[in-house]
């Protein structure tokens, strides 16, 4: 686990999720990647799945499935486990010695930009708040080589800057028109680093607009082409709905090829003064391209809506229990339900050729004949997992983890930690000590139905917010999670 403040955490989730299958093409809303979801299906970034050389297309049996082709600079990395499981992990830039994914650079061009970079936002080394610092947390793996700074404009991605030496001087932050000294880091284990000038966007390998090749009667395969000749699967294109999509687990227990990029969300803005008729909200950048919106939930549980046009009447928003007219910067759109049945469906099966005795490779197989590697599954722990850097600095297949911190407790003395389910349903939890950065993993206990207490400084008070909590069970060693090793063609 890497708990540093990766730049991805500051951006739209769809632009940061790792992808077993997203090879090139545009990087959606821009941003750098994070350590989470690197070799699982996501929405933007990464390249085709492990499937041998050759362009993305059908295998020897005529089944359409992702594959990749290395270039002299971009290499497709494969993760392998001791029990024999193997699959695509992501692109590796051999010239810059970095993992990278397809995203927009600061000039708006699509490039293989650094994956897992540090963030840089509102922390400065000078009293005028002009010199940004990169911010990182506990480092359980190698320190990233780049930090990302938010871009401006609708198509601009972040600018990327080489990470320099550790900064231990006075840290400032901008507050309105003032530049003030930070009394202490926002988190005790935050670290600050100097940054170099922006790395020119042309330093990163470019991606052209994906080409489409027939896969089935309804789905086409989007194949991305890098500037050095590397190619990889990007997504599917649903010709019936005219939308790019990727297979994702859904609430009906099936897999569906859901829109790859979701620009809007429902449940925040409304068309009526009782706040009952939902609208979709999105940045004005997407006024001309928004097609679908989703409820604010994990994709596996979300509901989807099709945008029918920009809303022309009064827009309302909930402020606490009050439904009042909205005058903010977001655009509002009329929507209609988009039932899951309108998207191509499939089932999740085990790929015997790519699975080991413990770690299985799960592949979505559609009703019309395409195959997309979608998840890893740990049969010993009975849970899906994703290859991330664990607390011991090694790459391991990590399950979804609830979070244990020093804020939430089950008793009035604030001694019995609780786990928060902030990443979806989980069987395990993780605690990272703020003072030492030591990492402990736990079995997740039963749901906590009693009073929750919140610790702030030396006070322990009743917490009244809405947050699902669990008891913390027995500790488990980090070696309980299967280790993976990366291989790259040089």
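Just so it is clear, none of the values below were taken in a lab; they were calculated from the coordinates. Quantities reported herein were computed from a predicted structural model and do not represent experimental measurements. Here the Cβ positions follow ideal geometry from the backbone for every residue, glycine too, while neighbour counts run over all protein chains shown.
Our estimate of slack between residue 283 and residue 488, defined as 0.36 nm per intervening residue step minus the Cα-Cα distance, is 69.9 nm. Measuring r between the beta carbons of residue 405 and residue 480 and using R0 = 22 Å, the FRET efficiency lands at 0.55. For the chain, the percent of C-alpha pairs falling in each 20 Å distance bin, counted from 0 to the bin holding the largest distance, reads 22, 57, 21, 0. The equivalent ellipsoid of region 400-480 has semi-axes of 20, 15, 10 Å, largest first, where each one is the square root of 5 times an eigenvalue of the Cα gyration tensor.
Packing, as the average of other Cβ atoms within 10 Å across residues, places the peptides 189-202, 439-452, 94-107 in the order 94-107, 189-202, 439-452, highest first. With a simple spin-label model that places each label point 7 Å from the Cα along the Cα-to-Cβ direction, the separation between residue 461 and residue 300 comes to 3.6 nm. Determine, from the Cβ-Cβ distance of residue 180 and residue 154 and an R0 of 45 Å, the FRET efficiency 1/(1 + (r/R0)^6), rounded to the nearest 0.05. With R0 = 45 Å, the Cβ-Cβ based efficiency is 0.90. Working note: 222 nm ellipticity from helices only, DSSP H runs with n ≥ 4, each -39,500 (n - 2.57), summed and divided by the residues of the chain, gives 0 deg cm²/dmol to the nearest 500.
If a spin label sat at a point 7 angstrom from the Cα of residue 350 along the line to its beta carbon, the backbone N atoms of region 376-390 nearer than 16 Å would be those of 376-385.
Full extension of the chain segment joining residue 449 with residue 239 gains 70.8 nm, where the gain is 0.36 nm per residue of separation less the Cα-Cα distance.
Each principal axis of region 217-360 carries a Cα extent, and these read 57, 37, 27 Å when sorted largest first.
As an exercise, use a Förster radius of 45 Å and the Cβ-Cβ distance of residue 321 and residue 202 to find the FRET efficiency, rounded to the nearest 0.05. Efficiency computed from Cβ-Cβ geometry: 0.30. For the chain, the relative contact order works out to 14 percent when only alpha carbon pairs closer than 8 Å and six or more residues apart are counted.
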